[in-house]
């Protein structure tokens, strides 16, 4: 058996390569932590990856833990840094610690996880081998189901955050391989229709594959928009810096990456040169936002509606007067308008009639949102729906989804 100090160092190494499945499947701890060392090599990476994530869950102090307590901070640090792929700065801000405190807490959190895995390792060493009936396809199926649930929930991902998080996780590996990073990324990218977890795994997989085969070179990561798609390209320059790979290995890895790309709802293509695969391009469907014009003279209400709608793919435009609302509606042609009745100057009733009488705005659905109990009157005057204030997130989304289904 290993000694505890050596084991802890190897656990730290595992978490620094959490999404590099090839590295995981060949790590010295792999066979010693997994219950079935005879499992196919292709499957071992997934199993160890799951085991490491499960260990993080064991740190969860539960809903009754005081926010910013030591246990809470260490759990949130591990989730942010290793599960969500956030960079250290973002995690520091979330758990409210200085840079010095962050690295101290990270070391303590990794030590706590190592303790949990040490107990597992000791029990594993004493136990008889157990055959586990689980295949890599089972894991892919679970990811596919999760992706389907995400799509049904209308979830979107900010790719800039995921790309930068993946690069932060691989920063040490790049340094070890003497690779410099060239990233051509706009400050903001449009959100894409993809769940964060499989997209992060895909990026870490393709980047990790190139990194493991290259040395003394430059890793280029770029993103560009074409039509309604976002394309993320990852390449090594010069191509000659890439170690050649056997055709069978290349085919196996491409098949795995294409499967994972399918889980994001996107597509993956290998970038080829005379020497073989020198990079990858990931195509992702961009979020097609439906604009909603929110008309209210209360800034708190406008901000609340932004928070309600933005996570569900709606673009929010705001207006505080009837005159401003009518002009924006004619100019921008939003998918729908939410309209307060009690506006300064020209009130909501006047605005409703003006919108319905103009040829360029009369087809835009108007949802009245008011404290006044005037549902029947609003509908009789041409409003599409009526929501009584305070408007709930569920009520507003239900009204908009009714319009989408119409």
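Quick note: the coordinates plus some simple rules give every number you see, no bench work behind them. Everything numeric in this text was worked out from a predicted model, so none of it was measured. In this analysis, Cβ positions are derived from the backbone assuming ideal geometry, glycine residues included, and neighbour counts consider all displayed protein chains.
Our estimate of slack between residue 36 and residue 271, defined as 0.36 nm per intervening residue step minus the Cα-Cα distance, is 81.0 nm. Neighbour counts of other Cβ atoms within 10 Å put 20, 227, 237, 300 in the fewest-to-most order 227, 300, 237, 20. Helix 4-16 and the longest principal axis of the Cα set of the chain meet at an angle near 40°. Among 68, 23, 82, sorting on how many other beta-carbon atoms sit within 10 Å of each Cβ, with the fewest leading, yields 68, 23, 82. Axis angle, to the nearest 10 degrees, between helix 136-152 and the longest C-alpha principal axis of the chain: 10 degrees. Compared with the dominant principal axis of the Cα atoms in the chain, helix 393-405 is inclined by about 80°. Comparing 267, 99, 196 in a Gaussian network model of the chain (Cα springs below 10 Å), the most mobile by mean-square fluctuation is 99.
Using Cβ contacts closer than 10 Å as the measure, can you line up 369, 305 from fewest to most?
Listing 369, 305 from fewest to most nearby Cβ atoms yields 305, 369.
If you plug the beta carbon distance of residue 243 and residue 307 into 1/(1 + (r/R0)^6) with R0 = 56 Å, you get a FRET efficiency near 0.70.
Once the Cβ-Cβ distance of residue 300 and residue 122 is raised to the sixth power relative to R0 = 51 Å, the FRET efficiency obtained is 0.35. Among 157, 30, 392, the residue with the largest mean-square fluctuation in a Gaussian network model of the chain, with springs joining Cα atoms closer than 10 Å, is 392. Only DSSP H runs of four or more residues enter the estimate; each adds -39500 (n - 2.57), and after division by the residues of the chain the mean residue ellipticity at 222 nm equals -15500 deg cm²/dmol.
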